[in-house]
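Peer 1: Pasting a structure below so you can have a look.
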Amino acid sequence: MTRQRVAIVGVHEFPSRHTHGSITPLQMKAQCAARALEDAGLSWGDIDALYDDGDGINWPGFYMPQYFDLDLKVVDTTTVGGSSFEFHVSHALRDLGSGRASVALLTYGATARSSQTSIGTGAKYSEMGPPNPISNMEDCWGPTLVSDYAQFAHRYMYDHGVRSEQLAEIAVTARYHALRNPDAVRAIEDLQLRPGSREMTVDDVMNSRMVADPLHALDCCIISDGGGAVVLATEDVARNCRSKPVWVLGAGESVRYRRNVDDLTLTGAARSGPAAFGQAGVQPGEIDIAMIYDSFTITVLSALEDLGFCAKGEGGGFVEDGRLRFDTPGLAVNTDGGGLSSNHPGQRGIFLLIEATRQLRGTSTSQVPDARLAVAHGTGGTLNRTHASGTIVLGTEPGDRR
Amino acid sequence: MSADTTHEPRRVLPRFPELDTEPFWEATKEHQLRYQFCEQCETVIFYPRAHCTKCTNTDLTWRTSSGEGAIYTYSVIRRSQHPSFMDMVPYVIAWVDLDETFRMLTHIVDVDPDDPESGLTIGARVQVHWIDRGQVSLPAFHLA
């Protein structure tokens, strides 16, 4: 049987970042799915593959099919934090490409802001469920999500010569893009993000409170509500959809974790990136837009290097002077404002896919002219201890059957 | 709870039964920092497990570390909303590479992280510093 090409045919991003308890994560997932299906010109009955990482309900393999009332051929509940959705697209490419199913749905919904979840500095890891060898060796030291990325950042700066001012440039660029995105502008007001409704400067970042050295408050993503949905389809279905298909050209996955006598600064992107680019048959230098998970500024810089957009140690110069902006030559990064300035409900990997799709449809609020190739790269977990990296290459043209 | 826990009302401690790490924590009562070694393929295993992660051996040997090593990386945590740690800030969390080639998460104690002369740097030599907490002792480190 010939392998089927696979495309993203429907997307939707939940517009509000602060829902004040008016909607649950499950309701948000269903609303976003409905809007994404309308975007594609499909309906619930067309879906035969579901991918879900369990936001809003445990055991999603049991409960999401019935909540949505779906008759499925494929169910996949891979749960790798913020990169879950890149893993899901990777698996959908495999499942739809091999003919096991024809229309796939991914959804996300979370109300971290409304429920006042202390994602970055809270009690996330401790005393949840029975002990395991990892919790028993590490919880007693009180790591926070921020300190995990801070430990990684500190070693990264030591080994590769990156400066805090260069990391700050990534946050400045995110805010530059956010100020052009009406949903993100509302987020800046609703969530009272610093420094308010004006452009951010490197000094703003450097002068913001140190949360865990060397990461300042403005090196960290925001905490918001949010949700989204992505519908994928095989070529036969995609050709008859309402929207312009955005083709999935390649996918790569990796999980890395702390080991004895190991280089902590090498991330999973060094494996997932080449796998995705290789399958797509493109080079990093050909990419127009990179949507890179920005839990923290260091998350972006390390991914840019490990994906091969620049060499290890050159990332600091690569991000300076607004080079990541949509309106400067070269690669555009996080054109929706990212998790640093638009939305971060905890696992924002789906928004990378949604904004990459908007760019390739020509509908971004920071549109790159003649955009043809985009990357969505998710980083889940913590780079310091255990993380997952998922890379998806998307294009306006279907490319070869691979 | 022993008397010296009153300043840290709910310090997070390892919980038992947990069969992989129990021998490690048992040895901390004697102020011994233990790690595992595979005699078949000469691999160091840490954190504790019941199998070698390189060969298929499932019978590992416990060894005792000198407690000496170097800071691989660290951060000064200045904000925590965890009830057990919020009053401890600022505290220094680190990966320490022990000389026996295992890496562990720990604290660097007895140091002022805001003193530029403190000697707290990546690569600094450190020595284990036991914090007794009743049923176990926590292996923190101080600058050597």
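Here, each number is a calculation from the coordinates, and none is a lab measurement. Predicted model only: the values in this text are computed from it and were never measured. Glycine also receives a Cβ, built like all others from the backbone with ideal geometry; neighbour counts cover every protein chain displayed.
Peer 1: Scanning for something of a type in the set (Asp, Glu) and part of a loop (DSSP other than H, G, I, E, B), does region A:321-335 turn up at least one residue?
Peer 2: yes
Peer 1: Just checking, which of B:Val44, B:Val89, B:Val76, B:Val109 is in contact with a Pro (Cβ under 7 Å, 6 or more places away or on another chain) and hydrophobic (A, V, I, L, M, F, W, C)?
Peer 2: B:Val76 is the lone residue from the list that is in contact with a Pro (Cβ under 7 Å, 6 or more places away or on another chain) and hydrophobic (A, V, I, L, M, F, W, C).
Peer 1: For region A:53-66, indicate whether the set of residues that are away from chain B (no Cβ under 14 Å), in a loop (DSSP other than H, G, I, E, B), surrounded by 15 or more Cβ atoms within 10 Å (Cβ to Cβ) and among the acidic types (Asp, Glu) is non-empty.
Peer 2: So far as region A:53-66 goes, yes, one or more of its residues are away from chain B (no Cβ under 14 Å), in a loop (DSSP other than H, G, I, E, B), surrounded by 15 or more Cβ atoms within 10 Å (Cβ to Cβ) and among the acidic types (Asp, Glu).
Peer 1: Still on this structure, please answer the following. Given the options A:Gln279, A:Gln283, name the one that is of a type in the set (S, T, N, Q) and within 24 Å of A:Phe326 (Cα to Cα).
Peer 2: A:Gln283
Peer 1: Tell me, which residue of region B:12-35 that is buried (at least 17 other Cβ atoms within 10 Å of the Cβ) and facing chain A (nearest Cβ under 7 Å) is nearest to A:Asn136 (Cα to Cα)?
Peer 2: For region B:12-35, the residue satisfying everything is B:Pro14.
Residue-wise test of (1) within 25 Å of A:Val146 (Cβ to Cβ); (2) of a type outside the set (Asp, Glu); (3) buried (at least 24 other Cβ atoms within 10 Å of the Cβ).
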{"site": "A:Arg35", "(1), (2), (3)": "no, yes, no"}
{"site": "A:Ala40", "(1), (2), (3)": "no, yes, yes"}
{"site": "A:Val80", "(1), (2), (3)": "yes, yes, yes"}
{"site": "A:His91", "(1), (2), (3)": "no, yes, no"}
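Peer 1: Taking the condition farther than 23 Å from A:Tyr158 by Cα and under 14 Å from the mean Cα position of the chain (by Cα), does B:Pro83 pass?
Peer 2: No: the conditions fail for B:Pro83.
Peer 1: I would also like to ask the following. Restricting to region A:349-402, and then to whatever is within 14 Å of another protein chain (Cβ to nearest Cβ) and in a loop (DSSP other than H, G, I, E, B), can you tell me which residue is nearest to A:Arg3 (Cα to Cα)?
Peer 2: Top of the filtered list is A:Leu383.
Peer 1: For region A:359-372, enumerate the residues that are in contact with a strand residue (DSSP E or B) (Cβ under 9 Å, 6 or more places away or on another chain) and either among the polar types (S, T, N, Q) or buried (at least 24 other Cβ atoms within 10 Å of the Cβ) (or both).
Peer 2: A:Gln359, A:Leu360, A:Ser364, A:Ser366
Peer 1: Also: Need a quick list: helices (runs of 4 or more DSSP H) entirely within region A:103-199 having at least 3 residues that are free of Cβ contacts under 8 Å to residues at least 40 places away in the same chain and either buried (at least 20 other Cβ atoms within 10 Å of the Cβ) or away from chain B (no Cβ under 14 Å) (or both).
Peer 2: Filter on region A:103-199 gives A:133-138.
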